[in-house]
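The values are calculated or read from the model by the stated rules, or taken from the named source; none is laboratory data. As the structure is a prediction and not an experimental result, all values here were calculated from the model. Don't worry about glycine lacking a Cβ; one is built from the backbone with ideal geometry, like all the others, and counts go over all protein chains shown.
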Ligand code: NAD
């Protein structure tokens, strides 16, 4: 019994369903936001999905500002620019609208605008979040338009420190959005590459959370159903982006992944983070490349768990059957089997590989891997992902 000690966090309100974006003015009223800053990325800003959402605000006569200087894998200069716009416009809350990049940056603007200490003082290390002035954090409404990161239900924001070329996770309980609108219609326009990459991100979150050691039966239960939803719906959403049922289930799976990963993540993410920071690759797609190599590496610790999961998902053949199903799913989604398929002209020397292995073992996610991620293991996994073997 002594190991049955845990901590569970499930406080976000999610208004889920097609068409619910029209409730945005009501959600603003419920959160007390009167002058929101609408944060999105420049690609989305040009799409009808943003124009139609802003029209809802116009029709409700909401005085809002727009900030869209958010690059994929956002960096601190994006945050500094966003905070300047937030302060100049005297905004009192944020509508974070987009994929993980826009959601994270929007959340971090609401968080950091009122702080006096530098952002890096709030990294997800021990209790560093307690250094923040909690009363100065503005309320956040999150509206995802991809289905992968689950940032909308998370208490963290990921941002790259350009000085050190490292992806950092900033954590504070009040980074959790007050209300989420999860409207699958907003994700219908996602191109195939992003549908596949974000969907595999949701799978990576569920899978690594499920395999992480520790007692968290709620996270485990959420993760296995999230994985089943991905197997059943991601190929459908990829084949036909207008399949609203598949899009809806993927949006659920994304929120489920991020809810589950409060239990922990693992070596897929530990390796994907340095690759994303150094090569600016898509986060979910990078996770997808590493997935089968890490699964095989962890086998001894997770074989029984994966066999149970496979049975739940209707996949025959226990661990081996599940591993094959992952490879088949990747192939169907046109995920490259090896890193050179993701990073054109990839040519890593020994020094660069050693640097990535060093970064992987100190990544905050490494501790959640069911088998200890040593530098030697990280190097082997990297070599495997480069060779595709
Ligand atoms: P993204 O936000 O970087 O978006 C990728 C591209 O998709 C962009 O060009 C965007 O314009 C486009 N796009 C988004 N929605 C679209 C739509 N509906 N139609 C057409 N195009 C659309 O991608 P992402 O995978 O959602 O987010 C990745 C980021 O999230 C990374 O920075 C990653 O580190 C971070 N992340 C955060 C968490 C967290 O817990 N906070 C978890 C995982 C990943």
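Just to be sure before I move on: is residue 184 more than 9 Å from the ligand (Cβ to nearest atom) and crowded, with 22+ Cβ neighbours inside 10 Å in the structure I sent?
Details: more than 9 Å from the ligand (Cβ to nearest atom): yes; crowded, with 22+ Cβ neighbours inside 10 Å: yes.
Yes; evaluated as a whole, the condition is true for this residue.
Within the range 215-237, does at least one residue satisfy the condition of being within 13 Å of the ligand (Cβ to nearest atom), farther than 30 Å from residue 3 by Cβ, assigned to a helix (DSSP H, G or I) and touching a residue at least 40 places away in the same chain (Cβ under 8 Å)? Walk me through it before giving the result.
Step one: of the range 215-237, the residues within 13 Å of the ligand (Cβ to nearest atom) are 237.
Of the ones still in play, those that are also farther than 30 Å from residue 3 by Cβ are 237.
When the remaining residues are screened for being assigned to a helix (DSSP H, G or I), the result is 237.
Subset that is touching a residue at least 40 places away in the same chain (Cβ under 8 Å): 237.
Looking through the range 215-237, at least one residue is within 13 Å of the ligand (Cβ to nearest atom), farther than 30 Å from residue 3 by Cβ, assigned to a helix (DSSP H, G or I) and touching a residue at least 40 places away in the same chain (Cβ under 8 Å).
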Practice task
Could you tell me whether residue 291 is modelled with pLDDT of 95 or more, buried (at least 21 other Cβ atoms within 10 Å of the Cβ) and under 27 Å from residue 240 (Cβ atoms)?
Solution key: yes
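Matching residues to (1) surrounded by fewer than 24 Cβ atoms within 10 Å (Cβ to Cβ); (2) within 11 Å of the ligand (Cβ to nearest atom):
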| position | (1), (2) |
| --- | --- |
| 258 | no, yes |
| 266 | no, no |
| 279 | yes, no |
| 296 | yes, no |
Problem - Test for residue 100: is it under 21 Å from the mean Cα position of the chain (by Cα), closer than 30 Å to residue 199 by Cα, more than 9 Å from the ligand (Cβ to nearest atom) and touching a residue at least 24 places away in the same chain (Cβ under 8 Å) - result: no
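Provide a single number: the residues in the range 37-68 that are under 14 Å from residue 107 (Cα atoms) and in contact with a helix residue (DSSP H, G or I) (Cβ under 6 Å, 6 or more places away or on another chain).
6
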Completion exercise
The residue from 360, 354, 323 that alone is under 18 Å from residue 274 (Cβ atoms) and under 23 Å from the mean Cα position of the chain (by Cα) is 360
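Having 2 or more residues that are touching a residue at least 40 places away in the same chain (Cβ under 8 Å), touching a strand residue (DSSP E or B) at 6+ places or on another chain (Cβ under 6 Å) and surrounded by 14 or more Cβ atoms within 10 Å (Cβ to Cβ) is the bar; report the helices (runs of 4 or more DSSP H) wholly within the range 41-93 that clear it. It would help to see each step written out before you state the result.
Values: elements: 42-45, 48-59, 76-88.
Ranges flagged: 76-88.
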